[in-house]
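One structure below.
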Amino acid sequence: MKKLLIAISAIAAAVGFTAKANADISVSGSSNAAYLSTAGNGDDEELAVGTTVDFSMSTTTSTGLGISAGLSLSTDYDSNNSDTATGGRTATFTTGGATIVVGDVEISDTVGSVGGVVNGPLDDASDLSSSVATGFLDDDGMGVELTTAMGEASLNISFVSNDRVDNHGALNSSTSGEDSAMSASITMPMGDYSFTIGVADSDSGESSSGASASASIGGGTLTVGYSNQTLIASGNSSLSTAGDSEVVGATYVMSMDADTTISLGYQSAKDADSESHTQTDLSVERAMGGGATVYLDLRNLDGDTASNADGTAIAFGTSVAF
Amino acid sequence: MIKLFFTLFLMFFLQSCSKGLFNGDVQKNLKAMDKIHGVCNNPYREYNKAQRKICEDKERAAGPDGEIGEPLNISQIIRDFRSGGTSTQYQGTSMSVNKNLWEASLIMLDQYPLNIVDSQGGFISTDWITEKESPNQRCLIKVKITSQELLSNGAKVKLLCEQKELDSWYQDEISYTEEEKNLTLKILDIANELSLIDKLS
(Lines give C-alpha, C1' and ligand atoms only; values in the text may rest on other atoms or scores of the structure.)
Protein backbone atom coordinates (compact mmCIF):
# COMPACT_ATOMS: atom_id res chain seq x y z
CA MET A 1 0.00 0.00 0.00
CA LYS A 2 2.83 2.35 0.76
CA LYS A 3 4.11 2.16 -2.81
CA LEU A 4 0.71 3.11 -4.17
CA LEU A 5 0.37 6.00 -1.76
CA ILE A 6 3.80 7.28 -2.73
CA ALA A 7 2.76 7.11 -6.36
CA ILE A 8 -0.43 9.07 -5.67
CA SER A 9 1.35 11.62 -3.54
CA ALA A 10 3.83 12.06 -6.37
CA ILE A 11 0.98 13.44 -8.47
CA ALA A 12 1.17 16.61 -6.49
CA ALA A 13 4.79 17.16 -7.37
CA ALA A 14 4.36 16.25 -11.01
CA VAL A 15 1.26 18.19 -11.98
CA GLY A 16 2.77 21.58 -11.27
CA PHE A 17 4.47 21.48 -14.65
CA THR A 18 1.15 20.86 -16.35
CA ALA A 19 -0.34 24.00 -14.90
CA LYS A 20 2.53 26.23 -15.89
CA ALA A 21 2.60 25.10 -19.49
CA ASN A 22 -0.73 26.70 -20.30
CA ALA A 23 -0.41 27.30 -24.01
CA ASP A 24 -3.60 28.03 -25.90
CA ILE A 25 -4.50 27.98 -29.55
CA SER A 26 -7.75 29.70 -30.37
CA VAL A 27 -9.57 29.92 -33.63
CA SER A 28 -12.28 32.35 -34.62
CA GLY A 29 -13.75 33.46 -37.90
CA SER A 30 -16.41 35.34 -39.76
CA SER A 31 -18.05 35.43 -43.14
CA ASN A 32 -19.64 38.31 -45.04
CA ALA A 33 -22.00 38.56 -47.96
CA ALA A 34 -23.17 41.94 -49.22
CA TYR A 35 -24.92 43.57 -52.11
CA LEU A 36 -23.17 46.80 -53.10
CA SER A 37 -24.44 49.69 -55.11
CA THR A 38 -21.13 51.42 -55.69
CA ALA A 39 -20.50 54.98 -56.80
CA GLY A 40 -17.68 54.16 -59.16
CA ASN A 41 -17.51 53.89 -62.91
CA GLY A 42 -20.90 52.86 -64.23
CA ASP A 43 -22.38 52.83 -60.75
CA ASP A 44 -21.80 49.09 -60.57
CA GLU A 45 -23.94 46.72 -58.66
CA GLU A 46 -21.64 44.23 -57.00
CA LEU A 47 -21.74 41.18 -54.81
CA ALA A 48 -19.01 40.89 -52.19
CA VAL A 49 -18.40 37.65 -50.34
CA GLY A 50 -15.48 36.87 -48.07
CA THR A 51 -14.38 34.74 -45.16
CA THR A 52 -11.68 35.19 -42.56
CA VAL A 53 -10.26 32.69 -40.08
CA ASP A 54 -7.83 33.74 -37.37
CA PHE A 55 -5.58 31.49 -35.32
CA SER A 56 -4.25 32.96 -32.10
CA MET A 57 -1.60 31.31 -29.96
CA SER A 58 -0.73 32.35 -26.45
CA THR A 59 1.08 31.12 -23.40
CA THR A 60 2.00 32.41 -19.97
CA THR A 61 5.36 31.88 -18.35
CA SER A 62 5.73 30.85 -14.74
CA THR A 63 6.52 34.48 -13.92
CA GLY A 64 3.21 35.66 -15.37
CA LEU A 65 4.51 37.05 -18.67
CA GLY A 66 1.99 36.50 -21.45
CA ILE A 67 3.30 35.84 -24.95
CA SER A 68 1.07 35.66 -27.99
CA ALA A 69 1.19 35.51 -31.78
CA GLY A 70 -1.28 34.75 -34.52
CA LEU A 71 -1.91 34.07 -38.17
CA SER A 72 -4.98 34.65 -40.33
CA LEU A 73 -6.31 33.14 -43.52
CA SER A 74 -8.77 35.10 -45.56
CA THR A 75 -10.55 35.47 -48.82
CA ASP A 76 -11.13 39.18 -48.92
CA TYR A 77 -14.47 40.51 -50.06
CA ASP A 78 -13.04 43.60 -51.73
CA SER A 79 -11.28 41.83 -54.60
CA ASN A 80 -11.77 38.71 -56.69
CA ASN A 81 -10.05 35.46 -55.64
CA SER A 82 -7.76 37.13 -53.14
CA ASP A 83 -6.84 34.25 -50.88
CA THR A 84 -4.19 35.43 -48.47
CA ALA A 85 -2.44 34.54 -45.26
CA THR A 86 -1.79 37.55 -43.09
CA GLY A 87 -0.39 38.30 -39.67
CA GLY A 88 2.35 36.24 -38.12
CA ARG A 89 4.70 39.21 -38.24
CA THR A 90 4.40 40.27 -34.64
CA ALA A 91 5.03 38.83 -31.20
CA THR A 92 3.18 40.34 -28.25
CA PHE A 93 4.40 40.31 -24.66
CA THR A 94 1.96 41.20 -21.90
CA THR A 95 2.28 41.89 -18.20
CA GLY A 96 -0.17 43.56 -15.86
CA GLY A 97 1.69 46.82 -16.37
CA ALA A 98 2.49 46.88 -20.06
CA THR A 99 1.95 45.35 -23.47
CA ILE A 100 4.73 45.37 -26.02
CA VAL A 101 4.48 44.33 -29.66
CA VAL A 102 7.62 43.52 -31.64
CA GLY A 103 7.63 43.15 -35.42
CA ASP A 104 5.37 44.77 -37.98
CA VAL A 105 3.85 47.69 -36.08
CA GLU A 106 1.96 50.78 -37.21
CA ILE A 107 2.42 54.23 -35.79
CA SER A 108 -0.59 56.39 -34.88
CA ASP A 109 -0.26 59.13 -37.49
CA THR A 110 -3.98 59.94 -37.72
CA VAL A 111 -5.02 60.52 -34.10
CA GLY A 112 -8.14 62.72 -34.21
CA SER A 113 -9.02 61.73 -37.76
CA VAL A 114 -12.52 60.38 -37.12
CA GLY A 115 -15.73 60.20 -39.11
CA GLY A 116 -15.95 56.77 -40.72
CA VAL A 117 -18.62 54.41 -39.40
CA VAL A 118 -19.42 52.05 -42.28
CA ASN A 119 -17.88 48.64 -42.01
CA GLY A 120 -16.49 45.90 -44.15
CA PRO A 121 -17.49 45.70 -47.79
CA LEU A 122 -18.62 49.29 -48.23
CA ASP A 123 -15.56 50.71 -46.50
CA ASP A 124 -13.26 48.65 -48.73
CA ALA A 125 -15.13 48.52 -52.02
CA SER A 126 -17.36 51.56 -52.36
CA ASP A 127 -15.30 52.87 -55.31
CA LEU A 128 -15.46 56.29 -53.67
CA SER A 129 -12.01 57.86 -53.78
CA SER A 130 -10.99 61.24 -52.44
CA SER A 131 -8.14 63.27 -53.91
CA VAL A 132 -7.36 64.76 -50.54
CA ALA A 133 -4.07 63.51 -49.11
CA THR A 134 -4.26 62.37 -45.50
CA GLY A 135 -1.98 60.12 -43.50
CA PHE A 136 1.70 59.34 -43.89
CA LEU A 137 2.89 57.66 -47.06
CA ASP A 138 4.22 54.78 -44.98
CA ASP A 139 3.16 54.42 -41.37
CA ASP A 140 4.15 50.85 -40.63
CA GLY A 141 7.21 48.67 -40.62
CA MET A 142 9.56 46.74 -38.41
CA GLY A 143 9.65 48.15 -34.91
CA VAL A 144 8.25 48.01 -31.45
CA GLU A 145 5.09 49.29 -29.79
CA LEU A 146 4.57 49.84 -26.10
CA THR A 147 1.24 50.35 -24.36
CA THR A 148 1.26 51.01 -20.67
CA ALA A 149 -1.03 52.39 -18.00
CA MET A 150 -0.32 55.46 -15.93
CA GLY A 151 -3.06 55.45 -13.37
CA GLU A 152 -6.33 55.78 -15.29
CA ALA A 153 -4.54 57.04 -18.40
CA SER A 154 -3.17 54.83 -21.16
CA LEU A 155 0.02 55.64 -23.03
CA ASN A 156 1.05 54.23 -26.39
CA ILE A 157 4.47 54.70 -27.92
CA SER A 158 5.21 53.18 -31.32
CA PHE A 159 8.55 53.16 -33.03
CA VAL A 160 9.18 51.92 -36.56
CA SER A 161 12.87 51.45 -37.15
CA ASN A 162 12.62 50.62 -40.84
CA ASP A 163 9.41 51.35 -42.71
CA ARG A 164 10.38 49.35 -45.79
CA VAL A 165 10.49 45.97 -44.05
CA ASP A 166 8.01 44.30 -41.73
CA ASN A 167 9.42 41.33 -39.84
CA HIS A 168 13.01 40.96 -40.98
CA GLY A 169 15.53 43.55 -42.04
CA ALA A 170 18.07 46.09 -40.91
CA LEU A 171 17.27 48.04 -37.78
CA ASN A 172 19.86 50.70 -38.44
CA SER A 173 19.55 51.02 -42.20
CA SER A 174 21.07 54.06 -43.86
CA THR A 175 19.54 53.23 -47.23
CA SER A 176 17.52 56.04 -48.74
CA GLY A 177 13.80 55.42 -48.34
CA GLU A 178 14.21 53.13 -45.36
CA ASP A 179 12.98 55.62 -42.78
CA SER A 180 12.18 55.42 -39.12
CA ALA A 181 9.04 56.87 -37.57
CA MET A 182 7.61 57.29 -34.13
CA SER A 183 4.31 58.19 -32.51
CA ALA A 184 3.02 58.75 -29.00
CA SER A 185 -0.54 59.06 -27.83
CA ILE A 186 -2.24 59.23 -24.49
CA THR A 187 -5.87 58.73 -23.54
CA MET A 188 -7.21 60.19 -20.32
CA PRO A 189 -10.67 59.76 -18.84
CA MET A 190 -12.08 62.90 -17.21
CA GLY A 191 -15.45 62.26 -15.68
CA ASP A 192 -17.89 61.34 -18.44
CA TYR A 193 -15.39 62.37 -21.10
CA SER A 194 -12.35 60.70 -22.60
CA PHE A 195 -9.61 62.70 -24.32
CA THR A 196 -6.91 61.40 -26.64
CA ILE A 197 -3.99 63.41 -27.90
CA GLY A 198 -1.18 62.20 -30.09
CA VAL A 199 1.85 63.20 -32.13
CA ALA A 200 3.81 61.38 -34.82
CA ASP A 201 6.99 62.03 -36.75
CA SER A 202 8.79 60.31 -39.60
CA ASP A 203 12.33 60.70 -40.88
CA SER A 204 10.79 61.06 -44.33
CA GLY A 205 9.81 64.59 -43.28
CA GLU A 206 6.20 63.95 -42.35
CA SER A 207 4.68 64.75 -38.98
CA SER A 208 1.23 64.95 -37.42
CA SER A 209 -0.65 65.89 -34.31
CA GLY A 210 -4.25 65.43 -33.31
CA ALA A 211 -6.81 65.09 -30.60
CA SER A 212 -10.21 63.55 -30.07
CA ALA A 213 -12.81 63.66 -27.34
CA SER A 214 -15.56 61.14 -26.60
CA ALA A 215 -18.58 61.46 -24.34
CA SER A 216 -21.88 59.73 -23.65
CA ILE A 217 -24.58 62.13 -24.79
CA GLY A 218 -28.28 61.53 -25.40
CA GLY A 219 -28.11 57.77 -25.05
CA GLY A 220 -25.23 57.42 -27.48
CA THR A 221 -21.52 58.07 -27.75
CA LEU A 222 -20.30 61.20 -29.49
CA THR A 223 -16.70 61.44 -30.68
CA VAL A 224 -15.20 64.56 -32.22
CA GLY A 225 -11.67 64.91 -33.51
CA TYR A 226 -9.15 67.11 -35.25
CA SER A 227 -5.95 66.06 -36.97
CA ASN A 228 -3.21 68.13 -38.58
CA GLN A 229 -0.72 66.35 -40.79
CA THR A 230 2.36 67.82 -42.47
CA LEU A 231 2.89 65.69 -45.56
CA ILE A 232 5.48 65.49 -48.31
CA ALA A 233 4.58 65.56 -51.98
CA SER A 234 7.34 63.27 -53.21
CA GLY A 235 5.86 59.87 -53.90
CA ASN A 236 2.36 60.97 -52.95
CA SER A 237 0.03 60.69 -55.93
CA SER A 238 -2.64 62.75 -54.16
CA LEU A 239 -0.38 65.68 -53.40
CA SER A 240 1.63 68.04 -55.61
CA THR A 241 2.55 70.56 -52.91
CA ALA A 242 4.07 69.62 -49.59
CA GLY A 243 2.27 71.08 -46.63
CA ASP A 244 -0.48 70.66 -44.09
CA SER A 245 -3.61 68.55 -44.33
CA GLU A 246 -6.43 69.05 -41.86
CA VAL A 247 -9.16 66.60 -40.94
CA VAL A 248 -12.17 67.46 -38.80
CA GLY A 249 -14.73 64.81 -37.99
CA ALA A 250 -17.38 63.44 -35.68
CA THR A 251 -19.23 60.19 -35.09
CA TYR A 252 -22.32 59.38 -33.08
CA VAL A 253 -23.24 55.79 -32.19
CA MET A 254 -26.56 55.03 -30.55
CA SER A 255 -28.49 51.91 -29.57
CA MET A 256 -32.06 51.85 -30.85
CA ASP A 257 -32.94 48.73 -28.85
CA ALA A 258 -31.15 45.70 -27.45
CA ASP A 259 -30.20 44.46 -30.93
CA THR A 260 -30.13 47.51 -33.18
CA THR A 261 -27.37 50.10 -33.51
CA ILE A 262 -27.38 53.23 -35.62
CA SER A 263 -24.15 55.12 -36.37
CA LEU A 264 -23.63 58.47 -38.04
CA GLY A 265 -20.32 59.88 -39.23
CA TYR A 266 -19.11 63.12 -40.74
CA GLN A 267 -15.66 64.10 -41.94
CA SER A 268 -14.27 67.17 -43.67
CA ALA A 269 -10.69 67.21 -44.96
CA LYS A 270 -8.45 69.63 -46.82
CA ASP A 271 -4.86 69.28 -48.01
CA ALA A 272 -1.97 71.53 -49.15
CA ASP A 273 -3.23 71.43 -52.75
CA SER A 274 -6.39 73.16 -51.44
CA GLU A 275 -8.40 70.10 -52.38
CA SER A 276 -11.14 69.15 -49.96
CA HIS A 277 -13.85 66.58 -49.40
CA THR A 278 -16.87 66.02 -47.20
CA GLN A 279 -17.79 62.46 -46.28
CA THR A 280 -21.02 61.44 -44.59
CA ASP A 281 -21.69 57.93 -43.28
CA LEU A 282 -24.77 56.11 -42.01
CA SER A 283 -24.83 52.56 -40.71
CA VAL A 284 -27.73 50.57 -39.29
CA GLU A 285 -27.01 47.14 -37.84
CA ARG A 286 -29.29 44.56 -36.31
CA ALA A 287 -28.10 41.44 -34.50
CA MET A 288 -30.09 38.37 -35.50
CA GLY A 289 -28.78 35.92 -32.92
CA GLY A 290 -26.52 32.95 -33.54
CA GLY A 291 -23.68 35.26 -34.52
CA ALA A 292 -25.51 36.71 -37.52
CA THR A 293 -26.11 40.39 -38.27
CA VAL A 294 -27.83 42.24 -41.08
CA TYR A 295 -26.73 45.74 -41.88
CA LEU A 296 -27.38 48.67 -44.16
CA ASP A 297 -24.45 51.00 -44.81
CA LEU A 298 -24.44 54.26 -46.73
CA ARG A 299 -21.57 56.56 -47.61
CA ASN A 300 -21.67 59.87 -49.47
CA LEU A 301 -18.52 61.60 -50.69
CA ASP A 302 -18.50 65.12 -52.12
CA GLY A 303 -15.71 67.44 -53.15
CA ASP A 304 -12.42 66.85 -54.91
CA THR A 305 -12.29 63.20 -55.82
CA ALA A 306 -10.73 60.93 -58.35
CA SER A 307 -12.51 60.78 -61.68
CA ASN A 308 -16.09 59.54 -61.28
CA ALA A 309 -15.46 58.55 -57.67
CA ASP A 310 -17.88 60.74 -55.78
CA GLY A 311 -21.55 60.30 -54.96
CA THR A 312 -23.35 57.80 -52.77
CA ALA A 313 -22.63 54.11 -52.26
CA ILE A 314 -24.89 51.67 -50.43
CA ALA A 315 -24.32 48.21 -49.03
CA PHE A 316 -26.86 45.75 -47.69
CA GLY A 317 -25.59 42.51 -46.32
CA THR A 318 -25.03 40.06 -43.56
CA SER A 319 -22.06 39.07 -41.49
CA VAL A 320 -21.79 35.91 -39.45
CA ALA A 321 -19.28 35.46 -36.65
CA PHE A 322 -18.29 31.89 -35.79
CA MET B 1 16.86 56.07 -33.34
CA ILE B 2 18.39 52.72 -32.47
CA LYS B 3 19.08 54.00 -28.98
CA LEU B 4 15.44 54.93 -28.75
CA PHE B 5 14.48 51.44 -29.86
CA PHE B 6 16.44 49.91 -27.05
CA THR B 7 15.15 52.53 -24.66
CA LEU B 8 11.66 51.28 -25.39
CA PHE B 9 12.76 47.74 -24.68
CA LEU B 10 14.25 48.92 -21.43
CA MET B 11 10.99 50.62 -20.57
CA PHE B 12 9.21 47.35 -21.13
CA PHE B 13 11.48 45.42 -18.85
CA LEU B 14 11.15 48.09 -16.22
CA GLN B 15 7.41 47.74 -16.62
CA SER B 16 7.50 43.97 -16.32
CA CYS B 17 5.69 43.94 -13.05
CA SER B 18 2.06 43.64 -12.15
CA LYS B 19 1.24 47.36 -12.44
CA GLY B 20 2.18 50.33 -14.59
CA LEU B 21 3.13 53.81 -13.46
CA PHE B 22 0.89 55.33 -10.77
CA ASN B 23 -0.55 51.87 -10.12
CA GLY B 24 -1.94 51.75 -13.62
CA ASP B 25 -3.59 48.57 -14.88
CA VAL B 26 -3.40 48.13 -18.66
CA GLN B 27 -6.26 45.64 -18.86
CA LYS B 28 -8.55 47.74 -16.69
CA ASN B 29 -7.83 50.83 -18.77
CA LEU B 30 -8.40 48.91 -21.99
CA LYS B 31 -11.82 47.78 -20.76
CA ALA B 32 -12.69 51.35 -19.80
CA MET B 33 -11.79 52.53 -23.31
CA ASP B 34 -13.74 49.64 -24.85
CA LYS B 35 -16.89 51.26 -23.46
CA ILE B 36 -16.10 54.47 -25.34
CA HIS B 37 -14.62 53.25 -28.60
CA GLY B 38 -15.93 49.70 -28.75
CA VAL B 39 -13.60 46.74 -28.44
CA CYS B 40 -12.73 46.57 -32.13
CA ASN B 41 -12.04 50.28 -32.58
CA ASN B 42 -10.17 50.76 -29.34
CA PRO B 43 -6.93 52.31 -30.62
CA TYR B 44 -4.93 50.66 -27.86
CA ARG B 45 -5.94 47.11 -28.78
CA GLU B 46 -3.72 45.29 -31.21
CA TYR B 47 -5.55 43.83 -34.19
CA ASN B 48 -4.40 43.09 -37.69
CA LYS B 49 -6.87 43.63 -40.51
CA ALA B 50 -8.26 40.10 -40.39
CA GLN B 51 -8.64 40.11 -36.63
CA ARG B 52 -10.40 43.47 -36.77
CA LYS B 53 -12.87 42.14 -39.35
CA ILE B 54 -13.74 39.20 -37.14
CA CYS B 55 -13.96 41.42 -34.09
CA GLU B 56 -16.34 43.82 -35.83
CA ASP B 57 -18.54 40.98 -37.04
CA LYS B 58 -18.69 39.59 -33.53
CA GLU B 59 -19.42 42.97 -32.05
CA ARG B 60 -22.24 43.51 -34.47
CA ALA B 61 -23.61 40.03 -33.78
CA ALA B 62 -23.58 40.69 -30.05
CA GLY B 63 -25.77 43.77 -30.45
CA PRO B 64 -25.64 46.91 -28.30
CA ASP B 65 -26.11 45.14 -25.00
CA GLY B 66 -24.38 41.89 -25.82
CA GLU B 67 -21.15 40.27 -24.87
CA ILE B 68 -18.67 39.33 -27.54
CA GLY B 69 -18.30 35.57 -27.28
CA GLU B 70 -15.03 33.85 -26.64
CA PRO B 71 -13.39 32.18 -29.62
CA LEU B 72 -13.42 28.43 -29.93
CA ASN B 73 -10.51 27.20 -27.81
CA ILE B 74 -8.99 24.11 -29.40
CA SER B 75 -6.50 23.58 -26.59
CA GLN B 76 -9.28 23.68 -23.99
CA ILE B 77 -11.31 21.13 -25.91
CA ILE B 78 -8.32 18.82 -26.16
CA ARG B 79 -7.58 19.24 -22.44
CA ASP B 80 -11.20 18.54 -21.54
CA PHE B 81 -11.34 15.54 -23.83
CA ARG B 82 -8.23 14.07 -22.27
CA SER B 83 -9.54 14.65 -18.79
CA GLY B 84 -13.00 13.23 -19.14
CA GLY B 85 -14.84 14.95 -21.95
CA THR B 86 -16.35 17.85 -20.08
CA SER B 87 -15.66 20.47 -22.72
CA THR B 88 -19.31 20.90 -23.61
CA GLN B 89 -20.05 21.82 -20.03
CA TYR B 90 -17.73 24.83 -20.32
CA GLN B 91 -19.41 26.17 -23.40
CA GLY B 92 -22.56 28.17 -23.04
CA THR B 93 -23.55 27.12 -19.53
CA SER B 94 -22.25 28.68 -16.38
CA MET B 95 -20.66 26.29 -13.91
CA SER B 96 -22.06 26.02 -10.44
CA VAL B 97 -18.58 25.68 -8.95
CA ASN B 98 -15.40 27.68 -9.25
CA LYS B 99 -13.91 27.20 -12.71
CA ASN B 100 -10.29 27.42 -11.58
CA LEU B 101 -10.73 24.88 -8.78
CA TRP B 102 -12.54 22.58 -11.20
CA GLU B 103 -9.87 22.84 -13.88
CA ALA B 104 -7.13 22.41 -11.30
CA SER B 105 -8.75 19.18 -10.10
CA LEU B 106 -8.96 17.86 -13.66
CA ILE B 107 -5.33 18.77 -14.30
CA MET B 108 -4.22 17.04 -11.14
CA LEU B 109 -6.10 13.84 -11.99
CA ASP B 110 -5.20 14.01 -15.67
CA GLN B 111 -3.10 10.85 -15.66
CA TYR B 112 -5.78 8.61 -14.14
CA PRO B 113 -8.97 7.20 -15.65
CA LEU B 114 -11.97 9.12 -14.38
CA ASN B 115 -15.10 7.29 -13.33
CA ILE B 116 -17.39 10.24 -12.47
CA VAL B 117 -17.07 13.79 -13.79
CA ASP B 118 -19.97 15.99 -12.74
CA SER B 119 -19.12 19.61 -13.51
CA GLN B 120 -22.45 20.95 -12.28
CA GLY B 121 -22.18 19.14 -8.96
CA GLY B 122 -18.45 19.76 -8.77
CA PHE B 123 -17.62 16.11 -8.16
CA ILE B 124 -14.85 13.99 -9.67
CA SER B 125 -13.97 10.43 -8.84
CA THR B 126 -11.20 8.39 -10.38
CA ASP B 127 -11.54 4.76 -11.23
CA TRP B 128 -9.59 2.36 -9.02
CA ILE B 129 -5.88 3.05 -9.31
CA THR B 130 -3.57 0.05 -9.15
CA GLU B 131 0.17 -0.33 -9.49
CA LYS B 132 1.90 -3.21 -11.19
CA GLU B 133 4.10 -3.71 -8.17
CA SER B 134 1.17 -3.85 -5.75
CA PRO B 135 -1.57 -5.93 -7.40
CA ASN B 136 -3.32 -6.52 -4.08
CA GLN B 137 -3.82 -2.87 -3.32
CA ARG B 138 -5.91 -0.19 -4.99
CA CYS B 139 -6.97 3.36 -4.25
CA LEU B 140 -9.33 5.95 -5.68
CA ILE B 141 -9.44 9.71 -5.31
CA LYS B 142 -12.60 11.73 -4.88
CA VAL B 143 -12.61 15.50 -5.28
CA LYS B 144 -15.55 17.68 -4.34
CA ILE B 145 -15.53 21.38 -5.25
CA THR B 146 -17.78 23.16 -2.80
CA SER B 147 -17.39 26.81 -3.67
CA GLN B 148 -18.09 29.20 -6.52
CA GLU B 149 -15.24 31.36 -5.27
CA LEU B 150 -11.56 30.51 -5.24
CA LEU B 151 -11.36 29.78 -1.51
CA SER B 152 -8.87 27.71 0.45
CA ASN B 153 -11.69 25.50 1.73
CA GLY B 154 -13.37 25.26 -1.67
CA ALA B 155 -11.99 21.80 -2.50
CA LYS B 156 -12.20 18.61 -0.49
CA VAL B 157 -10.20 15.51 -1.35
CA LYS B 158 -10.94 12.00 -0.10
CA LEU B 159 -8.64 9.07 -0.61
CA LEU B 160 -10.09 5.56 -0.36
CA CYS B 161 -7.89 2.47 -0.46
CA GLU B 162 -8.64 -1.25 -0.40
CA GLN B 163 -6.67 -4.42 0.08
CA LYS B 164 -7.29 -7.74 -1.58
CA GLU B 165 -7.69 -10.84 0.53
CA LEU B 166 -8.77 -14.14 -0.95
CA ASP B 167 -10.06 -12.55 -4.16
CA SER B 168 -12.16 -10.05 -2.24
CA TRP B 169 -11.46 -6.37 -1.75
CA TYR B 170 -11.74 -4.85 1.73
CA GLN B 171 -11.44 -1.26 2.75
CA ASP B 172 -8.26 -0.81 4.69
CA GLU B 173 -9.86 1.64 7.18
CA ILE B 174 -6.69 3.71 7.31
CA SER B 175 -6.85 7.48 7.48
CA TYR B 176 -4.86 9.27 4.78
CA THR B 177 -5.19 12.78 6.17
CA GLU B 178 -1.70 13.88 5.17
CA GLU B 179 -2.02 12.65 1.58
CA GLU B 180 -5.47 14.24 1.25
CA LYS B 181 -4.08 17.50 2.58
CA ASN B 182 -1.21 17.46 0.08
CA LEU B 183 -3.56 16.82 -2.82
CA THR B 184 -5.89 19.62 -1.68
CA LEU B 185 -2.99 22.03 -1.44
CA LYS B 186 -1.87 21.09 -4.92
CA ILE B 187 -5.37 21.77 -6.31
CA LEU B 188 -5.32 25.19 -4.66
CA ASP B 189 -1.84 25.85 -6.00
CA ILE B 190 -2.82 25.05 -9.59
CA ALA B 191 -6.11 26.96 -9.25
CA ASN B 192 -4.21 30.03 -8.12
CA GLU B 193 -1.97 29.81 -11.16
CA LEU B 194 -4.96 29.42 -13.46
CA SER B 195 -6.61 32.41 -11.83
CA LEU B 196 -3.48 34.49 -12.41
CA ILE B 197 -3.41 33.42 -16.05
CA ASP B 198 -7.09 34.39 -16.43
CA LYS B 199 -6.36 37.83 -15.05
CA LEU B 200 -3.47 38.37 -17.42
CA SER B 201 -5.24 37.10 -20.53
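The values are calculated or read from the model by the stated rules, or taken from the named source; none is laboratory data. The structure presented is a predicted model; accordingly, all values stated were derived computationally and were not measured. FYI the Cβ positions are ideal-geometry reconstructions off the backbone, even for glycines, and counts take in every protein chain you see.
Okay, residues lined up against (1) on the phi < 0 side of the Ramachandran plot; (2) surrounded by 22 or more Cβ atoms within 10 Å (Cβ to Cβ); (3) among the polar types (S, T, N, Q):
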site	(1), (2), (3)
A:S174	yes, no, yes
A:S185	yes, yes, yes
A:G205	no, no, no
A:S208	yes, yes, yes
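Of all residues in region A:133-165, how many are over 19 Å from A:G235 (Cβ atoms) and in contact with a strand residue (DSSP E or B) (Cβ under 6 Å, 6 or more places away or on another chain)?
Of the residues in region A:133-165, 17 are over 19 Å from A:G235 (Cβ atoms) and in contact with a strand residue (DSSP E or B) (Cβ under 6 Å, 6 or more places away or on another chain).
Check A:G40 against each of (1) surrounded by 19 or more Cβ atoms within 10 Å (Cβ to Cβ); (2) within 19 Å of the chain's Cα centre (by Cα); (3) not β-branched (V, I, T) and name the one condition it does not meet.
So A:G40 meets the others, but not (2).
Restricting attention to region A:121-140, which residues are within 12 Å of chain B (Cβ to nearest Cβ) and crowded, with 24+ Cβ neighbours inside 10 Å? Let's see the steps before the verdict.
Within region A:121-140, the subset within 12 Å of chain B (Cβ to nearest Cβ) is A:121, A:123-124, A:140.
Correct list: A:P121 only.
When the residues of region B:92-122 are narrowed to those that are surrounded by fewer than 16 Cβ atoms within 10 Å (Cβ to Cβ) and within 21 Å of B:L196 (Cα to Cα), which ends up modelled with the highest pLDDT?
Restricting to residues being surrounded by fewer than 16 Cβ atoms within 10 Å (Cβ to Cβ) and within 21 Å of B:L196 (Cα to Cα), the top hit is B:S96.
Do any helices (runs of 4 or more DSSP H) entirely within region B:1-69 hold 1 or more residues that are modelled with pLDDT under 65, closer than 20 Å to A:S31 by Cα and within 7 Å of chain A (Cβ to nearest Cβ), and if so, which?
Filter on region B:1-69 gives an empty set.
Can you give me the number of residues within region A:213-229 that are at pLDDT below 95, among the polar types (S, T, N, Q) and surrounded by 16 or more Cβ atoms within 10 Å (Cβ to Cβ)?
Number satisfying all stated conditions: 3.
Please enumerate the residues belonging to region A:264-295 that are buried (at least 22 other Cβ atoms within 10 Å of the Cβ) and among the hydroxyl-bearing types (S, T, Y).
Scanning region A:264-295 gives A:S283, A:T293, A:Y295.
If A:T196 meets every condition in (1) within 10 Å of chain B (Cβ to nearest Cβ); (2) free of Cβ contacts under 8 Å to residues at least 24 places away in the same chain apart from one, which number is that one?
(2)
Run A:S174 past the list (1) farther than 25 Å from B:Y44 by Cβ; (2) touching a strand residue (DSSP E or B) at 6+ places or on another chain (Cβ under 6 Å); (3) within 13 Å of chain B (Cβ to nearest Cβ) and report the number of the one that doesn't hold.
Failed condition: (2).
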